[in-house]
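Encoded as structure tokens, the structure appears first; notes follow it.
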Amino acid sequence: MTEQEGSDEASAESQLLEIIGRWRARRARLIERGSGPVSISSEVTVLFHVIPALAFVRRPITESWQIPEQKKGQIYVPHTATRQQYNFDGFIRIAWLDNPGTAFGYTQIFRSGIIEYANSNCYSPVNVDGVKMILGQTTEQELVRCYENALVRLSETSETLPIYLGCSLIGIAGKQIHSTFRQLYFQNALIPPRQSIVSSPEFSIRADLEEDPPYPRTLLPLVNHMWQAFGYDRTSFMTNGEWNPFGSYR
């Protein structure tokens with residue numbers, strides 16, 4: 001690759017990242033004002049995006065877009081899916097609360113190949129000394145489950161690398177994140193986020209998607225960025241120096 005080709009490639013990716021960033025910001029604002037595909041039951045929502053680089057390349061439509069019937073039930077939804085249907089953007093599975101017509105979460109499959117997971121199970125709320133808490137370990141576990149589900153879907157499609165990951169936390173102003181009980185008093189001394197929406201940068205996957213759970217190369221940088229939004233240097237859920245969101249902690 002020549003120096004000019006490298007410069008052109010870097011410029012093209014920079015433009016793509018700007019497009020992806022604007023798109024993700026728009027989706028987060030839709031959720032914040034209750035204008036997403038469904039109404040979310042909690043005041044806090046975790047929005048996780050898996051975005052193929054080709055998602056924003058305009059391609060001619062040669063046939064109708066559909067998800068095979070046997071694949072619909074394999075789309076993971078935070079909590080338990082109770083409804084599913086096609087919509088304007090593609091196909092959605094919903095963890096629904098019939099009364100008052102709100103959802104615990106959903107998974108939106110876009111025709112472009114983007115996968116959007118929305119989860120409200122991360123917020124109980126847990127109140128410690130009057131501070132509303134986001135459940136950090138629950139959030140991490142859901143990110144892993146969503147990512148694993150996305151990898152299965154991407155492996156069955158023609159999407160190519162790179163793939164971009166991004167996480168947005170919506171409705172977190174004035175809230176803290178719950179780590180482990182031994183850290184409760186320390187974390188209450190941290191200044192909580194003042195903004196309602198915090199979004200990670202886009203993390204790219206460029207190498208082989210084969211990686212042992214819980215994905216220290218791909219997901220851990222994104223998870224650490226989430227914790228830094230609340231004043232920490234990294235996740236609290238480590239076992240023998242390794243990230244272990246499914247471990248037992250006190």
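The values are calculated or read from the model by the stated rules, or taken from the named source; none is laboratory data. Source: prediction; values computed, not measured. Using ideal geometry, Cβ is built from the backbone for each residue, glycine included, and neighbour counts are taken over all protein chains shown. Heads up: the accessible areas ignore ligands, DNA and RNA and are worked out on the full protein's heavy atoms, side chains in. Shrake-Rupley method; radii C 1.70, N 1.55, O 1.52, S 1.80 Å.
Looking at this structure, is Glu69 out of contact with any Asp or Glu (no Cβ under 8 Å at 6 or more places or on another chain), among the acidic types (Asp, Glu) and at pLDDT below 90?
So Glu69 fails the test.
Kindly indicate whether Val198 is at pLDDT 90 or above and either of a type in the set (Asp, Glu) or assigned to a helix (DSSP H, G or I) (or both).
No; evaluated as a whole, the condition is false for this residue.
Quick one: Leu16 ticks every box in (1) part of a helix (DSSP H, G or I); (2) at pLDDT 95 or above; (3) among the aliphatic types (A, V, I, L, M) bar one, so which box is it?
For Leu16, the exception is condition (2).
For segment 65-181, please list each of the strands (runs of 3 or more DSSP E) lying entirely inside it that holds at least 3 residues being under 23 Å from Arg27 (Cα atoms) and open to solvent by 60 Å² or more (accessible area, probe 1.4 Å).
In segment 65-181, the matching strands (runs of 3 or more DSSP E) lie at 83-86.
Of everything in segment 38-63 that's surrounded by fewer than 19 Cβ atoms within 10 Å (Cβ to Cβ) and either acidic (Asp, Glu) or within 16 Å of the chain's Cα centre (by Cα) (or both), which residue is modelled with the lowest pLDDT?
Filtering segment 38-63 for residues that are surrounded by fewer than 19 Cβ atoms within 10 Å (Cβ to Cβ) and either acidic (Asp, Glu) or within 16 Å of the chain's Cα centre (by Cα) (or both), the one modelled with the lowest pLDDT comes out as Glu63.
If I filter segment 205-247 down to residues being within 22 Å of Thr160 (Cα to Cα) and charged (D, E, K, R), which single residue comes out as modelled with the lowest pLDDT?
Here the residue is Asp208.
Go through (1) modelled with pLDDT under 95; (2) within 19 Å of Ser158 (Cα to Cα) one by one and return the number of the condition Gly90 breaks.
With (1) modelled with pLDDT under 95; (2) within 19 Å of Ser158 (Cα to Cα) applied to Gly90, the lone miss is (1).
Cβ contacts < 9 Å: first residue in contact (Cβ under 8 Å) with a residue 40 or more places away in the chain, restricted to segment 56-71; second residue open to solvent by 100 Å² or more (accessible area, probe 1.4 Å), any location; separation 6+ or different chain. Result?
Here the result reads Trp65/Arg111, each pair linking segment 56-71 to a residue that is open to solvent by 100 Å² or more (accessible area, probe 1.4 Å).
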